[in-house]
Amino acid sequence: MKCSDDIIRLKGIGEKTAKLFYRIGIHTTEDLLFYYPRDYQTFAPPIKIGEAAKDEVVTLELFLPASFKWKKVRNLSIGSGIGSDGENRISITYFNTPYLKSRLVAGSAYLFRGKIKKENGAYHMDQPKIYTWAEYEEKMGQLQPCYNLTAGLTNRTVAKAVEQALNCYEEEEYLPTDILQEYGLISKTRAVYQIHFPKDWDSLMEARKRLVFDEFFLFLLSIRRMKEYNEMLDADYPMIETAWTKRFIEGLPYRLTNAQLKVWEEIERDLVGGKCMNRLVQGDVGSGKTVLAFLALLLVVSNGYQGALMAPTEILASQHFEQISSMTREYNLPFKPALLTGSVSAVGKKELYRKIEEGEVNVIIGTHALIQEKVSYKNLALVITDEQHRFGVRQRESLSEKGGQAHVLVMSATPIPRTLAIILYGDLHLSVVDELPAHRLPVKNCVVSTSYRKKAYEFITKEVRKGNQAYVICPMVEAGDEGTEGLENVTDYGEKLKNTLPADIHVEILHGKMKPSDKKRIMDAFASGDIHVLVSTTVIEVGINVPNATVMMIENAERFGLAQLHQLRGRIGRGKEQSYCIFMNCSDKNMSMDRLNILNKSNDGFYIAEEDLKLRGPGDLFGIRQSGAMEFKLADIYQDSEVLKKVSMTVDRLLLEDENLETERCAPLKRYLNENTGNFIDFRTI
């Protein structure tokens, strides 16, 4: 079997199961091999109720003295019962699991695995997993991989498929031997096997060390090459300064901050300088980066060219389109904007393609649909990417084939310490908007335990009664498989909140697995105030702008990286009213509270990023992950910052010794890059 073979060729995977794999982005056996576990579980022997630490996942052997009672509350099916270990009793609750009615029989004993809560002297457990002794003994004493799943796909199914795929996986070693020895790295083939099925913690760390090294090494190698490539490019669209940008700045109802004016001067200098701009504008949430993007587009359009703004989601693309359309009308700007996303109809796309090619529209806003084959531009001079840092050589080439070398401007609200930003963005010139507009009220924060949840609901109700809105963030879309016990999910939480809050408060859910049209419909309803409380995953973290939202409550806050929590918090505090962020800490570990309290002390994303860098420890390898910054599978720029710095020096040394990887030592590496990335450039051929 080849790595490129469809997943359906694996034994036991039929058409129905294959569709579930496709849903989580696994189409081939290679996709499966590099679909790493998100966490690992150890299954310790069952303990007594009284021995369990608060909020720790444990296994209990419980006897059921009576049958569970089931009731329907609105759309929610609730089952509740009592379990006993002979010394203590514990109440157990299940939501929307009617299939358990026949399984949970009075007078029988079962193994229940989940988090124990203790309130007012009574023990409680929600949604615990149920095991037979035979099932449980299979898992005891081993590190069990836990994968991200979708409804209908079990952890066991994924693990069995991975096991098959590993039987036919072997990869030629592409790292030079001296680098392997210098860092004490195992082979790539062995690392991939051990990351899925480690025999112990040491073998897991050994595998992770190799795979993290590879991610940084290949990434930085391409960045170094990209920098040289970019700096050689002459701009195909000469520009001059125009009066439009100055008039626009003077006409705004507020003054740009000194930081905004400084960064705008840097962007303007790039655009009229003759070489292709390749600049990153890094600024905290709410620092006013969007107006800088609009100014760049205005300079380009007033010189007679086209500009494109590429956003990571359709929601954000639509928001940018509406904002630029509104500004066009209000300030009589020369923009002729168009919105191009995947959900535009085939007929609509055909007409848009014509208008773009003939120059009838000069600002094109959308998702990755902007750089697809069918799109041809008349004179595209500027591409702005919002939170999509890796706009690389291949994307540049695809655009240049559509009509010339374009300037590239990257906008990011991801707060990354400067020491790391210089390494990670080595191919980009860096501008920082390090000042917030004076009119913004700082968000008030609090870090609380789960005992505060009732008060939090009362506070949300009070804010809604005042005419405001709220977000509730959960780490998961739906109830998961092993390793997700105690984590809140959007699907169940939304139903629970509908039954908890007053009936006239409209609660809806939002997550990334929804159809784009459904996401847009819900966000539009939330933006217009028809939805009062939105229960969502982190899909809302980038760019969503609803000034009327004044409360954000983040469940399982300890499971997120601080930089991500700060970006989520940036969705509130955008209006005139005071805003509040409630971080629900579901762990009793002191370190979790210490980390979250950093958010209590400051609303400065760069300070938070630096503090996060200092606090990360070996226990944070799984569970606390930053979102989006570089889209590494395993590597975390905070957790692995020291590795990143060392790899950066190694890559520089390698290229200094053998710039085009021509020696025998580097031949396997060059072969791997050409076969797997198509991104290695021999500059002598340019």
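The values are calculated or read from the model by the stated rules, or taken from the named source; none is laboratory data. Source: prediction; values computed, not measured. Positions of Cβ are generated from backbone atoms using ideal geometry, with glycine treated the same way; all protein chains shown enter the neighbour counts. To get the accessible areas, we keep the full protein, side chains included, count just its heavy atoms, and leave off ligands, DNA and RNA. Shrake-Rupley method; radii C 1.70, N 1.55, O 1.52, S 1.80 Å.
Per the Kirkwood formula applied to alpha carbons, segment 243-400 shows a radius of gyration over Rh ratio, Rg over Rh, of 0.94.
Identify the trypsin sites (Lys or Arg not before Pro) of segment 453-535 meeting these criteria: DSSP loop state and at most 13 other C-beta atoms within 10 Å of the C-beta. Don't skip to the end; give the middle numbers.
Numbers: sites: R453, K454, K455, K462, R465, K466, K496, K498, K513, K519, K520, R521; in loops: K466, K513.
Passing sites in segment 453-535 are K466.
Would you work out the Kirkwood radius for segment 96-163? I mean one over the mean of 1/r across all pairs of different Cα atoms, in Å.
Details: mean 1/r = 0.0675 Å⁻¹.
Mean inverse Cα-Cα distance, inverted, gives 14.8 Å.
Would you list which lysines come within 19 Å of K262, measuring only between C-alpha atoms, while excluding same-chain residues fewer than 8 positions from it? Result set, ordered by chain and number: K246, K289. Under a Cβ-Cβ cut-off of 13 Å, what is the net charge of the residues other than A161 that fall near it, where Lys and Arg count +1 and Asp and Glu count -1? Value of the local net charge: -1.
Using per-residue counts of other Cβ atoms within 10 Å, averaged over each peptide, order 59-68, 251-260, 92-101 from highest down. Provide the component values of the computation, followed by the final result.
Working: 59-68: 17.7, 251-260: 13.4, 92-101: 15.7.
Going from most to least packed, we get 59-68, 92-101, 251-260.
The Rg/Rh ratio for segment 51-115, using Cα coordinates for both the radius of gyration and the Kirkwood hydrodynamic radius, is 0.98. Placing one equal scatterer on every Cα of segment 129-218 and applying the Debye formula, the log10 ratio I(q)/I(0) at q = 0.21 Å⁻¹ is -1.11. Each eigenvalue of the Cα gyration tensor of segment 183-237, multiplied by 5 and square-rooted, gives one semi-axis; in descending order these are 37, 9, 7 Å.
Considering only C-alpha atoms, what is the centroid distance from segment 9-55 to segment 242-259, in Å? Rounded to whole Å, the Cα centres lie 53 Å apart.
Derived scalar couplings between HN and Hα for segment 415-428 equal x, 10, x, 4, 4, 7, 4, 4, 6, 5, 10, x, 8, 10 Hz in order, rounded to whole Hz, by the Karplus curve 6.51 cos²θ - 1.76 cosθ + 1.60 (θ = phi - 60°), x for Gly and Pro. Taking amide hydrogens as placed 1.01 Å from N in the peptide plane, the amide H of V410 sits under 5 Å from those of R279, L280, V281, T385, each at least 5 positions away in sequence or on another chain. Couplings 3J(HN,Hα) for segment 23-40, derived from phi with the Karplus relation 6.51 cos²θ - 1.76 cosθ + 1.60 (θ = phi - 60°), are 4, 9, x, 9, 10, 10, 5, 5, 4, 5, 4, 9, 9, 6, x, 8, 6, 9 Hz, where x marks Gly and Pro. Each 10 Å bin, from zero up to the one with the longest distance, holds this percent of the alpha carbon pairs of segment 212-263: 17, 23, 22, 25, 12, 0. Once all protein chains are placed together, V539 keeps about 40 Å² accessible to a 1.4 angstrom probe.
Using the Karplus relation 6.51 cos²θ - 1.76 cosθ + 1.60 with θ = phi - 60°, the per-residue 3J(HN,Hα) values for segment 265-278 come to 4, 5, 5, 4, 4, 4, 5, 9, x, x, 9, 5, 6, 9 Hz, with x marking Gly and Pro. For Y123, the amide hydrogen comes within under 5 Å of the amide hydrogens of S91, counting only partners 5 or more places away or on other chains and with H modelled in the peptide plane. Each Lys and Arg Cβ is given +1 and each Asp and Glu Cβ -1; about its Cα centre, the chain then shows a dipole of about 2320 debye.
Once you wrap a convex hull around the alpha carbon atoms of the chain, what is its projected area averaged over all directions, in nm²? Walk me through the intermediate numbers first.
On the way: hull surface 125.0 nm².
Spelled out: convex hull of the Cα atoms, projected over all directions, averaged, 31.2 nm².
Within the chain, DSSP assigns beta bridges of which about 35% are antiparallel (rounded to the nearest 5). Need the C-alpha centroid separation for segment 541-575 versus segment 183-212, integer Å. One Cα centre to the other: 35 Å.
Based on alpha carbons, the Rg and Dmax found for segment 1-75 are 20.6, 54 Å.
Put simply, the C-alpha atoms of segment 473-609 give a gyration tensor, and the ellipsoid matching it has half-axes of 23, 20, 14 Å, longest first. Using a 7 Å offset from Cα along Cα-Cβ at R671, what residues in segment 167-197 end up with backbone N under 13 Å from the label point? From segment 167-197, the list is 171-176. In plain terms, the chain from K336 to T663 could stretch by 112.5 nm, reckoned as 0.36 nm per residue minus the Cα-Cα distance.
Rounded to the nearest angstrom and listed largest first, the equivalent-ellipsoid semi-axes of segment 442-515 from its Cα gyration tensor are 23, 16, 13.
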